[in-house]
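> Pasting a structure below so you can have a look.
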Amino acid sequence: MKHGMITSASGWRKVFAASGDENDKSEKITEDDRILAAVAADVFSDYIAEKSSEPLLVLGMDTRPTGRALALSMLQLLIAKKISVKFPGVIAAPEIMAYGKTASGFIYISASHNPIGHNGIKFGLNDGGVLNGQENAKLVKALNEKCASESEITRIKSLLDSVSDSDLERVLSASAESKAESLKIYEDFSKEVISAGNSKIFSKIQTELSKDSKKSIGIIADMNGSARTLSIDSSLFESTGINFYALNNEPGKIEHAIIPEPENLVWCAGEMEKLRKEGHSDVCLGYMPDCDGDRGNIVFWNEKTSRAEVLKAQEVFALSVLSELSYMKYLGEKSKLAVAANCPTSMRIDEITAAFGAELFRAEVGEANVVNLARKKRDEGFAVRILGEGSNGGNITHPAAVRDPLNTIFALVKLLVLRDSESSKGLFHIWCDARNLPYNNDFTLADVLETLPEYTTTGVAEERAILKIKTTEHSLLKGNFQKIFEEEWNLKKSELAAKYGIESYEAIGTNGTEESRNLSDYSKNGKGGLKILFYDKNKNPLAYIWMRGSGTEPVFRVLCDVKGNNSVEEHELLDWERGIILKADEI
């Protein structure tokens with residue numbers, strides 16, 4: 001059988017809706033896909049059995065319609081193979097990864113931000129994250145081999161048929177207990193992550209919020225029927241003295257598109273404005289998670305414009321980095337600070353890390369790549385508290401190994417609440433000192449935003465950021481790109497110097513956790529990320545263009561980042577890049 005899945009380390013994904021329509025809300029899957037789910041579980045159970053003599057797995061899912069049908073098939077397979085399994089049912093991605101630390105590993109059924117008819121599978125061990133690319137490749141190899149073998153498919157069908165209804169019900173009846181256990185573990189872990197192990201911070205936040213009712217904080221979440229509807233959000237905020245408001249909070253009732261990009265945060269912004277008009281003046285932050293609840297972008301109340309505004313993904317990550325680096329200084333961290341980010345994260349992060357004397361390391365796109373790079377740098381002695389993919393928003397805060405909107409929101413809460421006291425400077429004051437900026441203790445988030453280094457960056461969800469190409473061999477495409485780029489550079493360099501001060505460039509590649517500078521042969525970058533970094537006459541970075549084929553979707557992604565508020569330059573450089581790629585695709 002052909003599985004038809006895109007099998008990247010970020011997850012194995014395809015349209016599982018039986019109709020084949022990616023926007024189909026039906027729960028039905030085909031018989032072939034029921035078998036496919038069991039094959040995937042078989043592959044991982046074999047893998048985990050090699051690592052543990054008595055394996056215990058956690059199996060969970062987000063709220064997509066096809067999730068339960070896939071989960072039931074996987075449960076039957078695991079029961080037939082006598083693999084111990086806990087099934088908490090609907091569970092957010094960060095929650096299952098925290099809960100998975102108590103087991104040998106986890107299987108998570110989700111397609112993250114993809115349309116509702118899609119679904120997918122993520123695998124992880126008990127280190128709090130998904131398998132890296134190298135380990136995932138082993139599973140993919142086994143999957144392909146099993147799917148190509150008629151005898152293996154027959155064996156899988158026999159295993160499924162061997163499980164009685166009572167055997168299945170025994171596992172399902174323990175779901176509520178497993179869910180309660182996962183919520184407790186996740187909340188305790190979240191508090192450790194948010195506070196960096198300093199639990200007194202929560203009581204300090206609560207004390208500061210209770211001092212003055214005018215400074216209370218209210219947070220609204222547009223849950224959009226996601227897995228976070230059944231997670232810890234409400235209890236965590238309210239236990240910290242933060243008022244919590246939820247929109248679209250019914251599990252599985254997905255009211256609008258899933259990806260948490262600006263066009264889908266308008267519902268959250270609208271509800272924030274409605275609540276403010278109704279007298280809830282505390283509501284100042286909002287978020288919308290994707291279906292599995294690991295990614296969430298932010299809405300805030302702008303006191304200067306008196307309206308709810310959506311933060312851009314790159315701004316969300318920049319604010320989180322600013323806050324967490326300030327927080328490490330606030331706690332008196334003495335180790336060498338560092339941040340790990342993906343290749344297309346805006347260069348504003350370079351300026352933020354430099355202000356704190358921290359190092360910045362870049363990996364290829366893919367959460368697992370950034371997480372593994374951070375682990376590598378910690379082994380080298382760096383304190384890497386915050387990491388992430390600025391191009392997608394959100395952040396990963398150590399010791400977590402996955403994005404979590406709660407950690408992002410609390411980065412902003414700490415920034416707003418931990419202000420100057422008699423004994424110490426607050427987080428925003430620490431940042432202002434690092435940048436030699438004036439400080440006023442009566443600040444809002446809008447004031448913080450104005451201190452961010454200014455850059456103009458392509459949004460990843462924009463139509464301009466996506467190209468469909470015919471060339472499947474990316475090494476060939478990038479080799480052709482290099483030839484055309486170098487020819488056109490010689491024709492355009494005088495114009496670029498005159499208009500934008502661009503005098504030279506450097507080609508940079510990222511593959512996994514490795515970054516290669518001064519590439520002479522772009523084709524060797526393969527399927528990695530390729531960046532052309534432009535410099536001024538003093539070798540100061542001014543802008544970059546970037547490209548990479550998606551690992552989870554059949555598209556080629558491009559992006560441009562320009563220092564300053566200059567949309568004309570960003571558009572021109574991106575259009576230039578797109579034109580060269582399309583020419584290279586025709587060779």
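> Failed condition for SER335, given (1) modelled with pLDDT under 95; (2) buried (at least 24 other Cβ atoms within 10 Å of the Cβ), with all others met?
Every listed condition holds for SER335 apart from (2).
> Counting only residues that are under 28 Å from GLY11 (Cβ atoms) and either open to solvent by 80 Å² or more (accessible area, probe 1.4 Å) or acidic (Asp, Glu) (or both), how many does the stretch 156-175 have?
1
> Among the listed residues LYS122, LYS146, which satisfies the condition of being open to solvent by 10 Å² or more (accessible area, probe 1.4 Å), under 16 Å from the mean Cα position of the chain (by Cα) and among the charged types (D, E, K, R)?
Sole residue among the options that is open to solvent by 10 Å² or more (accessible area, probe 1.4 Å), under 16 Å from the mean Cα position of the chain (by Cα) and among the charged types (D, E, K, R): LYS122.
> Going through TYR544, TYR500 one at a time, which residue ends up being more than 29 Å from VAL15 (Cα to Cα), open to solvent by 20 Å² or more (accessible area, probe 1.4 Å) and in contact (Cβ under 8 Å) with a residue 24 or more places away in the chain?
Of the residues listed, the single one that is more than 29 Å from VAL15 (Cα to Cα), open to solvent by 20 Å² or more (accessible area, probe 1.4 Å) and in contact (Cβ under 8 Å) with a residue 24 or more places away in the chain is TYR500.
> Of the residues that sit in the stretch 466-480 and are of a type in the set (A, V, I, L, M, F, W, C) and either assigned to a strand (DSSP E or B) or over 29 Å from the mean Cα position of the chain (by Cα) (or both), which one is farthest from LEU574 (Cα to Cα)?
LEU476
> Looking at the stretch 192-226, which of its residues are small (Gly, Ala, Ser), out of contact with any strand residue (DSSP E or B) (no Cβ under 8 Å at 6 or more places or on another chain) and under 15 Å from THR397 (Cβ atoms)?
SER195, GLY197
> Find all pairs meeting these conditions: Cβ atoms under 8 angstrom apart; at least six residues apart or on different chains; first residue within the stretch 178-190 and among the aromatic types (Phe, Trp, Tyr); second residue assigned to a helix (DSSP H, G or I) and open to solvent by less than 40 Å² (accessible area, probe 1.4 Å).
Between residues of the stretch 178-190 that are among the aromatic types (Phe, Trp, Tyr) and residues that are assigned to a helix (DSSP H, G or I) and open to solvent by less than 40 Å² (accessible area, probe 1.4 Å), the close pairs are TYR186/PRO94; TYR186/GLU95; TYR186/ALA98; TYR186/TYR99; PHE189/ALA98.
> Of the conditions (1) of a type outside the set (Val, Ile, Thr); (2) surrounded by fewer than 17 Cβ atoms within 10 Å (Cβ to Cβ); (3) more than 30 Å from ILE121 (Cβ to Cβ), GLU324 fails just one. Which one is it?
Evaluating GLU324 over (1) of a type outside the set (Val, Ile, Thr); (2) surrounded by fewer than 17 Cβ atoms within 10 Å (Cβ to Cβ); (3) more than 30 Å from ILE121 (Cβ to Cβ) leaves (2) as the failure.
> Restricting to the stretch 379-399, name every residue that is within 30 Å of SER239 (Cβ to Cβ) and open to solvent by 10 Å² or more (accessible area, probe 1.4 Å).
Matches in the stretch 379-399: ALA383, ARG385, GLU389, ASN392, HIS398, PRO399.
> Continuing with this model, one more query. Could you tell me how many of the residues in the stretch 34-70 are open to solvent by less than 10 Å² (accessible area, probe 1.4 Å) and either more than 30 Å from THR229 (Cα to Cα) or part of a helix (DSSP H, G or I) (or both)?
14
> Looking for something of a type in the set (Ser, Thr, Tyr), assigned to a strand (DSSP E or B) and either in contact with a His (Cβ under 9 Å, 6 or more places away or on another chain) or surrounded by 17 or more Cβ atoms within 10 Å (Cβ to Cβ) (or both) - is there at least one such residue anywhere in the stretch 552-563?
no
The values are calculated or read from the model by the stated rules, or taken from the named source; none is laboratory data. Because the structure is a prediction, the values reported are computed rather than measured. Quick reminder, even Gly has a Cβ in these numbers, built from the backbone with ideal geometry, and neighbours come from all protein chains shown. Keep in mind that these areas ignore ligands, DNA and RNA; they rest on the heavy atoms of the full protein, side chains included. Shrake-Rupley method; radii C 1.70, N 1.55, O 1.52, S 1.80 Å.
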